[in-house]
Structure formats: C-alpha cells, structure tokens
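Visitor: Starting off with a structure, shown below.
Read-outs: derived from the displayed coordinates by stated rules, not from any lab. Everything numeric here is computed off the predicted structure, so don't read it as measured data. Here the Cβ is made from the backbone with ideal geometry for all residues, glycine too, and neighbour counts use every protein chain on show.
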2 protein chains.
Amino acid sequence: MAPKQNTAAEMGDTRRNIIKAAEGLFMEYGYRAISTRKIADTCGLTQPALYHHFPNKKSLYVEVVRNYLYEMQTGLERIIKRHPDLEDSLYRVTRYIILHQPKKLSQMFHDIEYEMTVEDQMMISQCWSEAYQIPISSIFERAAAEGTLKDPDSLKATTSIYSHIFMSMLSHPLPGDSKTLDQRARLYTEVILRGLSVENM
Amino acid sequence: MAPKQNTAAEMGDTRRNIIKAAEGLFMEYGYRAISTRKIADTCGLTQPALYHHFPNKKSLYVEVVRNYLYEMQTGLERIIKRHPDLEDSLYRVTRYIILHQPKKLSQMFHDIEYEMTVEDQMMISQCWSEAYQIPISSIFERAAAEGTLKDPDSLKATTSIYSHIFMSMLSHPLPGDSKTLDQRARLYTEVILRGLSVENM
DNA sequence: CCTACCGATCGGTAGG
DNA sequence: CCTACCGATCGGTAGG
C-alpha cells in the first residue's frame, strides 16, 4: 500500500482547508489553547501531516492572521471607496466589522504580542495597519477635511487615535443577543459621532 | 532538620503574596501561559508549596479575580458617591480605571469564559457586575434622570449597554505612550459624551 | 514547606 | 500522508 501522495492542486486545497480550520479555532480559543492535533483532527488529517504544509505551528498561525487581515482590508476598502458620507461610511464599516470579526480580536492581539517573534510582529502590525488603521483613519481624514469632524488637534489627538478608539468600541460584542445587526451598527455609529450627552457643546 | 512550618499569620502573608504575584502574571500573560512553577518562583516557593494554600491552579485564579474586582468596586463606588456631576464623575472613573486596570481586561474575560467552570463563571460575573457594571450604570442612570443624558430608549439601548460600550472603549490602551493620564481620560470622556462629529443634532 | 515523582499532553521528527 | 516515537513541560500527589 503506497502512502497517499497528493497532486499540487490537492496540496493547495488541503493548505486552504488547514488555514480556515485553524482560523476558527485560533481566533476563538487562542494560540496556546489549540493544539496541532486539534487542528489536524478538524481537517481529517494526522498531526504530523500538518508539517508537510507548514514548517511549524507558529508559521501556520502567521498565515491565518495574514489571510484574515487581507480579507478584511479588501472588504473595508471597497466599502469606503463607494460611500463618501461620514455617517453612512461608518455605519457600513461597523456592520461589516461586526459580521466578519473573529469572536475576540483582542485574543489575536495578545497571541501576536506574546507568542510570535519580533519579526512576525512587525510584519503583522504592517498588515493590521493596512487592513484597519489606514482605511478607518481615511474616513475620519475625509470628514476632517470637509469640516464635519472635530479637529483632532483640539482634543490633542489624531485621526489615527480616533480610529483606535472606534475599533476598541467594536472589539467587545454587546451582551444582549436580542439586538439586530442593524441596531447594533446604528448604536455604535450614533455614539462615536454624537456621544451620549444631551447638551451638545 | 525539621521542615519549615509557618504560623497562621505567616500563612496569611504567604497567601496574599501568592495572590498578588499571580495577579500580575495571569493578567498580563493569561491563565494558560502562566505555569504554577512560574508563580511559585516569583514568590520564592517551590511549586508543590502552592498547593498548601490553594487546592489547585483554577481556584488560585478565581481568588485573584475576586480580589481584583473587589478592589475595583471599592474604588469606583467611592468616586461615584463623591462626584455627582456626569462629566466630572466619568472623567475620574476613567482615570481610575486606566490606572488600575490590568494590562488586558479582555484577557481576563477570555480566561474566565474558557478555563473556568460554569459555577465559577456565574460567581465571577456577579462580582464583575458589582465592580463595574452597576457603578458605571449608576452614573448614567443619574444623568438620565437629570435629563443630561440621551434617553436610552431612543437609541434602543439601556444604561447597561451604555456602560458596556464605555468599558469597551477603555479596554484597549491607546498606543501613543506620549499622552498623559489626564489627556487620555479627557479624550475618552469627551468622545463618550459628545462624540467626534461637529454638527450636533 | 521541601524532595521526588507521576501521568498527560504538548510541538516536532524519523522513516517510509 | 501515515505510524511510531522523542524530549520538554504541564498540573498535581506522596510522604515526610
């Protein structure tokens, strides 16, 4: 019985399967909590077979993150290009992020900070910046130029800090699951743009 | 040579030392990433000695979280009782939380959700509610009664959701370390109360 | 509170 | 892509 050997096309399929299975597991439970055996089981492989596609666990994780961030970047850039209005753009971006964000984005940050090498951290933080920071900051930049946004200098901030705060708001899902996606997105947009107080100014 | 045996008072000291050492480690690196040996080393003990003070790793973690949440509750209640004004109160609470919050609060949530038993989760979520949710909601409740806060119903929300969003904003520290504590707290207070847009209403 | 040690599980390798 | 296996590390226990 010859051991199974796949064609190049099948290899590529298997590789994509592994990345998608690992994405779901890593993002929900974290890097340390997921063993290579668990990932292999989910794909219907034995654990050593993973090492035919990736040199080690860490580089599989890096591929998962790169792949996820690239998809997010593509999605956000598409929305922002098509919707120039500040509130409309923020609402659509919020919807998109809530829908596509892995359960715990902060889990991902933690794993990158404590489990990856410095080189990987730098590469990933570049991808992160291109996927989230730059697209969202560009919304605020555009609005600041139009005069519909508070001048960042007046708050001793920047549009980059604005986008950081906005992303933070979205990173912990609201507890009440009764609300619709639309309601959640409208609530976040309202709060980030106009705040909670009644008397404005 | 008789093995070392401590008095009851010394036992209590050792216990507190363990909790404080474990707090720093667990909150920064996460439950799984910190071994019982690492905690013991930090306290100058051998690993099996920990089991003289706590039945297992999980119950030590639970004590760490309870202790942390209780200190936070005391601090927040004291501030809120003394400062009735909405903006003033939020500013002081923000300062206090930034100063006393463990590096990654979301790390704590993840560990509680995935590493603790359901019974411990229920007990801790009770403590969490008393430490954060109830005190911060009470600020918003008071302001809503005064009419200085947007009616939660009008946004299909509640003061509890307001406080959840507010806490989310604070849970990821701002990247630029150049800003002072005061600047950070003022920025958060401004954004949560009045938002980022210029035209209000 | 220590020394000595256990069974389980981990990431990764050898060899086919 | 599989079987078989390694060294390291983990949480926890025995016994004094």
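Visitor: For region B:24-36, how many residues are surrounded by 19 or more Cβ atoms within 10 Å (Cβ to Cβ) and near DNA strand D (Cβ under 7 Å from one of its atoms)?
Guide: 1
Visitor: Something else about it: Answer with yes or no whether A:TYR91 is more than 16 Å from DNA strand D (Cβ to nearest atom) and either in contact (Cβ under 8 Å) with a residue 12 or more places away in the chain or assigned to a helix (DSSP H, G or I) (or both).
Guide: Yes, satisfied.
Visitor: Out of all the residues in region B:41-51, is one or more away from DNA strand C (no atom under 13 Å from the Cβ), of a type in the set (A, V, I, L, M) and out of contact with any Asp or Glu (no Cβ under 8 Å at 6 or more places or on another chain)?
Guide: no
Visitor: Can you tell me which of (1) β-branched (Val, Ile, Thr); (2) at the interface with chain B (Cβ under 7 Å from one of its Cβ atoms); (3) farther than 30 Å from A:TYR31 by Cα is the one A:THR180 doesn't meet?
Guide: Of the numbered conditions (1) β-branched (Val, Ile, Thr); (2) at the interface with chain B (Cβ under 7 Å from one of its Cβ atoms); (3) farther than 30 Å from A:TYR31 by Cα, the odd one out for A:THR180 is (2).
Visitor: Could I ask something else about it? Go over the candidates A:GLN101, A:GLN73 one by one and state the one that is more than 24 Å from B:TYR162 (Cβ to Cβ) and under 13 Å from the mean Cα position of the chain (by Cα).
Guide: Checking each option against the conditions leaves just A:GLN73.
Let's see how each residue does on (1) within 14 Å of chain B (Cβ to nearest Cβ); (2) aliphatic (A, V, I, L, M); (3) farther than 26 Å from B:GLU115 by Cβ:
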{"site": "A:ALA9", "(1), (2), (3)": "no, yes, yes"}
{"site": "A:ASP13", "(1), (2), (3)": "no, no, yes"}
{"site": "A:ARG16", "(1), (2), (3)": "no, no, yes"}
{"site": "A:GLU28", "(1), (2), (3)": "yes, no, no"}
{"site": "A:TYR31", "(1), (2), (3)": "yes, no, no"}
{"site": "A:ILE39", "(1), (2), (3)": "no, yes, no"}
{"site": "A:THR42", "(1), (2), (3)": "no, no, no"}
{"site": "A:GLN47", "(1), (2), (3)": "no, no, no"}
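Visitor: Taking the condition of being more than 8 Å from every other protein chain (Cβ to nearest Cβ) and either in a loop (DSSP other than H, G, I, E, B) or crowded, with 16+ Cβ neighbours inside 10 Å (or both), how many residues in region B:131-157 meet it?
Guide: Total satisfying the criteria: 14.
Visitor: Right, another one. Taking region B:105-130 as the search range and keeping residues that are at the interface with chain A (Cβ under 8 Å from one of its Cβ atoms) and in contact with a Gly (Cβ under 7 Å, 6 or more places away or on another chain), which one is nearest to A:PRO175 (Cα to Cα)?
Guide: B:HIS110
Visitor: Quick one: in region B:53-62, which of the residues that are within 15 Å of DNA strand C (Cβ to nearest atom) and closer than 14 Å to B:ARG15 by Cβ is surrounded by the fewest Cβ atoms within 10 Å (Cβ to Cβ)?
Guide: The extreme case among them is B:PRO55.
Visitor: Taking the condition part of a helix (DSSP H, G or I), crowded, with 19+ Cβ neighbours inside 10 Å, within 21 Å of the chain's Cα centre (by Cα) and touching a residue at least 24 places away in the same chain (Cβ under 8 Å), does A:MET123 pass?
Guide: no
Visitor: Say whether the condition of being more than 14 Å from DNA strand C (Cβ to nearest atom) and either of a type in the set (Val, Ile, Thr) or more than 30 Å from A:GLU141 (Cα to Cα) (or both) is met by at least one residue in region A:29-37.
Guide: Among the residues of region A:29-37, not one is more than 14 Å from DNA strand C (Cβ to nearest atom) and either of a type in the set (Val, Ile, Thr) or more than 30 Å from A:GLU141 (Cα to Cα) (or both), which makes the answer no.
Visitor: Just checking, does region A:6-16 include any residue being in a helix (DSSP H, G or I), of a type outside the set (Val, Ile, Thr) and within 8 Å of DNA strand C (Cβ to nearest atom)?
Guide: Within region A:6-16, not a single residue is in a helix (DSSP H, G or I), of a type outside the set (Val, Ile, Thr) and within 8 Å of DNA strand C (Cβ to nearest atom).
Visitor: Do the conditions hold for A:GLN73, that is, is it surrounded by fewer than 19 Cβ atoms within 10 Å (Cβ to Cβ), away from chain B (no Cβ under 14 Å) and away from DNA strand D (no atom under 16 Å from the Cβ)?
Guide: yes
Visitor: Which condition number in (1) more than 16 Å from DNA strand D (Cβ to nearest atom); (2) crowded, with 19+ Cβ neighbours inside 10 Å is the one that A:LEU50 fails?
Guide: Evaluating A:LEU50 over (1) more than 16 Å from DNA strand D (Cβ to nearest atom); (2) crowded, with 19+ Cβ neighbours inside 10 Å leaves (1) as the failure.
Visitor: Right, another one. Give just the number: which of (1) within 16 Å of DNA strand D (Cβ to nearest atom); (2) surrounded by fewer than 19 Cβ atoms within 10 Å (Cβ to Cβ); (3) assigned to a helix (DSSP H, G or I) does A:ILE39 not satisfy?
Guide: Going through the list (1) within 16 Å of DNA strand D (Cβ to nearest atom); (2) surrounded by fewer than 19 Cβ atoms within 10 Å (Cβ to Cβ); (3) assigned to a helix (DSSP H, G or I), A:ILE39 breaks only (2).
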